[in-house]
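J.: Structure in structure tokens, see below.
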Amino acid sequence: MTERSIDASRTPLVAMRDISLSFGGIHAVDGASIDLYAGEVMALVGHNGAGKSTLIKILSGALPRDSGTISIRGEAASIANPRDARSYGIETIYQTLALADNVDAAANLFLGRELRTGWGTLDDAAMEAAARNVMGRLNPHFQRFKDPVRALSGGQRQSVAIARAILFNAQILVMDEPTAALGPQEAAQVGALIRKLKSDGIGIFLISHDIHDVFDLADRVCVMKNGRVVGTARIADVTKDEVLGMIILGKCPPGATPGPGAVA
Amino acid sequence: MIVLARLLKSTELDTRLIGMVGALFLIWIVFHVLSGGLFLTPRNLWNLSVQSSSVAIMATGMVLVIVTRNIDLSIGSMLGFIGMVMGVIQAALLPKLLGFEHPATWVLTLLVGLGLGAALGALQGFVIAYLGIPAFIVTLGGLLVWRGAAWWVTSGQTVAPLDATFRLMGGGPEGSIGATWSWVVGVVACVAVVLSLARSRTQRQRFNVPLRPMAAEILVGGLGCAAVLAAVAIANAYPWPIGSVRRYAEAHHIALAGGGLSIAHGIAVPVLIAIGVGVAMSFLATRTRFGRYVYAIGGNPEAAELAGVDTRWVIVKIFMLMGVLAAIAGAVSIARLDAATNSEGTLAELLVIAAAVIGGTSLAGGVGTVPGAMLGAVLMQSLQSGMVLLGVDTPLQNIVVGAVLVFAVGIDTVYRRRAAP
């Protein structure tokens, strides 16, 4: 699996090259490059403020970029807003979940892509049926389809956000701390889901604070520090301590390919 | 008592809305008693319905504006400006081109008015959504600009009289649809109520959602139909004043017998317009993609944007809609007055905002309903016309209306805090 995913002869599903974005004088992302292949999980780790979320938001069209290119399956992609990203099959689960709290689960799942009847009106019944279907897979106990999302628990809200990302046949999935609000059982379910999606050939960016999660789920790991990539490595080639060293000190171990952010 | 409470709960009606209807009836009864039986008469209720229509029409749009965390302070001035333009077109411009009282005059005038409303609204919406200037500031500017523009149209002169057909939009004996058509409207409305209940029941069956008990369905349908038919009966119980009857008899060469002729008003045209607008706006808000986006933006603008909703364009459309509604309300207002004046609609924006807020629209965004706002408009108007009946001085009227606004929103805030999970 991992052997296949870093085979340089294959075209990466996503290739982000020399991406930079600064806010005022602060380089949130500074010349970052990262690849993602089909059927792999690429973990993105680093301290708060390392630039992980910013880099990923550029991919999902939530933030613009100052420079750099994004290619999808080898072709240059122009992603200027979230709609563009979705048209490339990129789905994102944001850390904030990005749910409209005042409407129900089905409305959130289909937000921006509502099903409509032949009359052009909202087909609420069909959307609720689809919502029951997808939520049944993720969180079988979930029954509160009529309540606004505000009334749901943290875990239930997270399930809604995840369900939204997998509902539309995503090719590229971006998960920013997907298990942050979940209990152990639900987190395990998300882990199983990630493995299943991976085996379906979907490429997944996984941002996580939990180093155990990363070693459990990811094929490769990319470490960022101060907006720059410290290094990228196959999980099999590095230890947890080495990854922690990359995160904290910016020191690139022999098993990893150093990036511009690595200290000599 | 417990059985009754359970039945009420099983109807799944919005308790807030029921509370508002209750408050409205309470206000009506209090005014009726205090005025010595003047309030709950067909004549007063009919007038109340006509007086409420202009504010009710605009309140349906203000709900959407406020739900998206914006505000529109300009609609009163916009109403005045568009009203002046429509006045000049039908009283000065079109008679020169088409001849006096041409049958197309009212349509052309109205179309220009609606187009102008959409254009002014789009302009404000564009500045708010794409240039990022707060709606409060943009529409505060609009309040001054459009009021000034209203004056410029004729340098302050009042335009009168208006086209006879256009005038029908304002109500009055001529601008009402009479007893027979009122019953037709009433029966159609009843059929619509029953059909929509039946449709929602089959829809629930299709997706295995628990059904409402049959007793609750019958109660809701029965109450709905009874309310509609009672309203029609009241409108039909208000006969034309004797002067109008005499003119009508002369025009149609009918000999008046000793007791005269009793012609019922029926539902007034502006009320029909308001109801039509209300139904259309309710449909737009709850059944269309646009409405879904409006509420999603109100709940979490960032989430809507990230979900791929073109939030800016939605905001522009909302303000365009608000402009169109101001134009409709303007047409109703000038038609009712049979004159366009540059001060028409002064302070209307505040009444409209108050109506929306009393009707349960939250200024924090995301929450509000069209029927609630229309009910709010009727409630505000009831207070005002009730106080007129009691002979309360205008300054005191304002004091009461202001206090009631704060009181109503205060109660609602406490209610929501308790209801919150």
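J.: Considering only region A:151-162, state which residues are part of a loop (DSSP other than H, G, I, E, B) and either hydrophobic (A, V, I, L, M, F, W, C) or more than 13 Å from chain B (Cβ to nearest Cβ) (or both).
T.: Just the residues of region A:151-162 that are part of a loop (DSSP other than H, G, I, E, B), to begin with: A:152-153.
A:Leu152, the sole residue that qualifies.
J.: Looking at region B:262-312, which of the residues that are away from chain A (no Cβ under 13 Å) and not in a helix (DSSP H, G or I) is farthest from A:Asp104 (Cα to Cα)?
T.: B:Ser262
Residue-wise test of (1) closer than 19 Å to A:Ile90 by Cβ; (2) surrounded by 15 or more Cβ atoms within 10 Å (Cβ to Cβ); (3) hydrophobic (A, V, I, L, M, F, W, C).
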position: A:Gln158; (1), (2), (3): no, yes, no
position: A:Ala165; (1), (2), (3): yes, yes, yes
position: A:Val174; (1), (2), (3): yes, yes, yes
position: A:Gly183; (1), (2), (3): no, no, no
position: A:Glu186; (1), (2), (3): no, yes, no
position: A:Arg228; (1), (2), (3): no, yes, no
position: A:Val263; (1), (2), (3): no, no, yes
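J.: So is A:Ala100 touching a residue at least 12 places away in the same chain (Cβ under 8 Å) and within 11 Å of chain B (Cβ to nearest Cβ) or not? Walk me through it before giving the result.
T.: Values: touching a residue at least 12 places away in the same chain (Cβ under 8 Å): yes; within 11 Å of chain B (Cβ to nearest Cβ): yes.
The answer is yes for A:Ala100.
J.: Sticking with this one: Go through region B:202-226 and give me each residue that's part of a helix (DSSP H, G or I) and surrounded by 14 or more Cβ atoms within 10 Å (Cβ to Cβ). Write out each step before concluding.
T.: Here is the first cut: in region B:202-226, the ones part of a helix (DSSP H, G or I) are B:202-206, B:214-226.
Answer for region B:202-226, where residues must be part of a helix (DSSP H, G or I) and surrounded by 14 or more Cβ atoms within 10 Å (Cβ to Cβ): B:Arg204, B:Ala216, B:Glu217, B:Leu219, B:Val220, B:Gly221, B:Gly224, B:Cys225.
J.: Look through B:Gly142, B:Gly117, B:Gly148, B:Gly186 and report the one residue that is assigned to a helix (DSSP H, G or I), surrounded by fewer than 16 Cβ atoms within 10 Å (Cβ to Cβ) and under 26 Å from the mean Cα position of the chain (by Cα).
T.: B:Gly148
J.: Go through the residues of region B:302-310 one by one and say whether even a single one is surrounded by 21 or more Cβ atoms within 10 Å (Cβ to Cβ) and touching a Pro at 6+ places or on another chain (Cβ under 6 Å).
T.: Looking only at region B:302-310, we keep the residues that are surrounded by 21 or more Cβ atoms within 10 Å (Cβ to Cβ), and these are B:303-307, B:309.
Still in the running and touching a Pro at 6+ places or on another chain (Cβ under 6 Å): B:306.
Scanning region B:302-310 turns up at least one residue that is surrounded by 21 or more Cβ atoms within 10 Å (Cβ to Cβ) and touching a Pro at 6+ places or on another chain (Cβ under 6 Å).
J.: Evaluate the following for B:Glu174: is it closer than 30 Å to A:Ala129 by Cβ and surrounded by 15 or more Cβ atoms within 10 Å (Cβ to Cβ)?
T.: On the way: closer than 30 Å to A:Ala129 by Cβ: no; surrounded by 15 or more Cβ atoms within 10 Å (Cβ to Cβ): yes.
For B:Glu174, the condition - closer than 30 Å to A:Ala129 by Cβ and surrounded by 15 or more Cβ atoms within 10 Å (Cβ to Cβ) - is not met.
J.: Could you figure out which of (1) without any contact (Cβ under 8 Å) to a residue 60 or more places away in the chain; (2) in contact with a strand residue (DSSP E or B) (Cβ under 9 Å, 6 or more places away or on another chain); (3) not in a loop (DSSP other than H, G, I, E, B) isn't true of A:Ala165?
T.: (1)
J.: Follow-up question, since we're still on this one. Quick one: would you say B:Leu7 is in contact with a helix residue (DSSP H, G or I) (Cβ under 7 Å, 6 or more places away or on another chain), in a helix (DSSP H, G or I) and surrounded by fewer than 14 Cβ atoms within 10 Å (Cβ to Cβ)? Steps first, please.
T.: Details: in contact with a helix residue (DSSP H, G or I) (Cβ under 7 Å, 6 or more places away or on another chain): yes; in a helix (DSSP H, G or I): yes; surrounded by fewer than 14 Cβ atoms within 10 Å (Cβ to Cβ): yes.
Taking the combined requirement at face value, the residue satisfies it.
J.: Which of the residues that make up region B:342-364 are closer than 30 Å to B:Thr165 by Cβ and surrounded by fewer than 22 Cβ atoms within 10 Å (Cβ to Cβ)?
T.: Listed by number, the residues that qualify are B:Ser343, B:Thr346, B:Leu347.
J.: Report every pair of residues separated by at least 6 positions or lying on different chains whose Cβ atoms are under 9 Å apart, first residue within region B:19-46 and over 25 Å from B:Trp240 (Cβ atoms), second of a type in the set (Val, Ile, Thr) and at pLDDT 95 or above.
T.: Here the result reads B:Leu24/B:Val378, each pair linking region B:19-46 to a residue that is of a type in the set (Val, Ile, Thr) and at pLDDT 95 or above.
J.: With the requirement that a residue be basic (Lys, Arg) and either within 10 Å of another protein chain (Cβ to nearest Cβ) or in a helix (DSSP H, G or I) (or both), what does region A:125-150 give you?
T.: The first filter runs over region A:125-150 and keeps only residues basic (Lys, Arg), leaving A:132, A:137, A:144, A:146, A:150.
Within region A:125-150, A:Arg132, A:Arg137, A:Lys146, A:Arg150 qualify.
J.: Give me the pairs, please: first residue somewhere in region B:182-209 and away from every other protein chain (no Cβ under 14 Å), second residue anywhere and among the acidic types (Asp, Glu), beta-carbon distance under 8 Å, and either six or more positions apart or on two chains.
T.: Note: pairs meeting the criteria are B:Leu197/B:Glu217.
J.: Away from chain B (no Cβ under 12 Å) and either more than 27 Å from B:Pro301 (Cβ to Cβ) or in contact with a strand residue (DSSP E or B) (Cβ under 8 Å, 6 or more places away or on another chain) (or both) - does that describe any residue in region A:112-124? Spell out how you get there, then give the answer.
T.: Within region A:112-124, the first condition is being away from chain B (no Cβ under 12 Å), and the residues that meet it are A:118.
Narrowing the set further to residues that are either more than 27 Å from B:Pro301 (Cβ to Cβ) or in contact with a strand residue (DSSP E or B) (Cβ under 8 Å, 6 or more places away or on another chain) (or both) leaves A:118.
Checking region A:112-124: at least one residue is away from chain B (no Cβ under 12 Å) and either more than 27 Å from B:Pro301 (Cβ to Cβ) or in contact with a strand residue (DSSP E or B) (Cβ under 8 Å, 6 or more places away or on another chain) (or both).
J.: For B:Ser382, are the conditions met, namely being within 14 Å of chain A (Cβ to nearest Cβ), under 21 Å from the mean Cα position of the chain (by Cα), crowded, with 19+ Cβ neighbours inside 10 Å and not β-branched (Val, Ile, Thr)? Let's see the steps before the verdict.
T.: Working: within 14 Å of chain A (Cβ to nearest Cβ): no; under 21 Å from the mean Cα position of the chain (by Cα): yes; crowded, with 19+ Cβ neighbours inside 10 Å: yes; not β-branched (Val, Ile, Thr): yes.
For B:Ser382, the condition - within 14 Å of chain A (Cβ to nearest Cβ), under 21 Å from the mean Cα position of the chain (by Cα), crowded, with 19+ Cβ neighbours inside 10 Å and not β-branched (Val, Ile, Thr) - is not met.
J.: Condition (residue is in contact (Cβ under 8 Å) with a residue 60 or more places away in the chain, closer than 23 Å to A:Pro178 by Cα, away from chain B (no Cβ under 14 Å) and in contact with a helix residue (DSSP H, G or I) (Cβ under 6 Å, 6 or more places away or on another chain)) applied to region A:46-54: is it met by at least one residue?
T.: Checking region A:46-54: at least one residue is in contact (Cβ under 8 Å) with a residue 60 or more places away in the chain, closer than 23 Å to A:Pro178 by Cα, away from chain B (no Cβ under 14 Å) and in contact with a helix residue (DSSP H, G or I) (Cβ under 6 Å, 6 or more places away or on another chain).
The values are calculated or read from the model by the stated rules, or taken from the named source; none is laboratory data. Computed from a predicted structure; not experimentally measured. Virtual Cβ from ideal backbone geometry, glycine too; neighbours counted across all protein chains shown.
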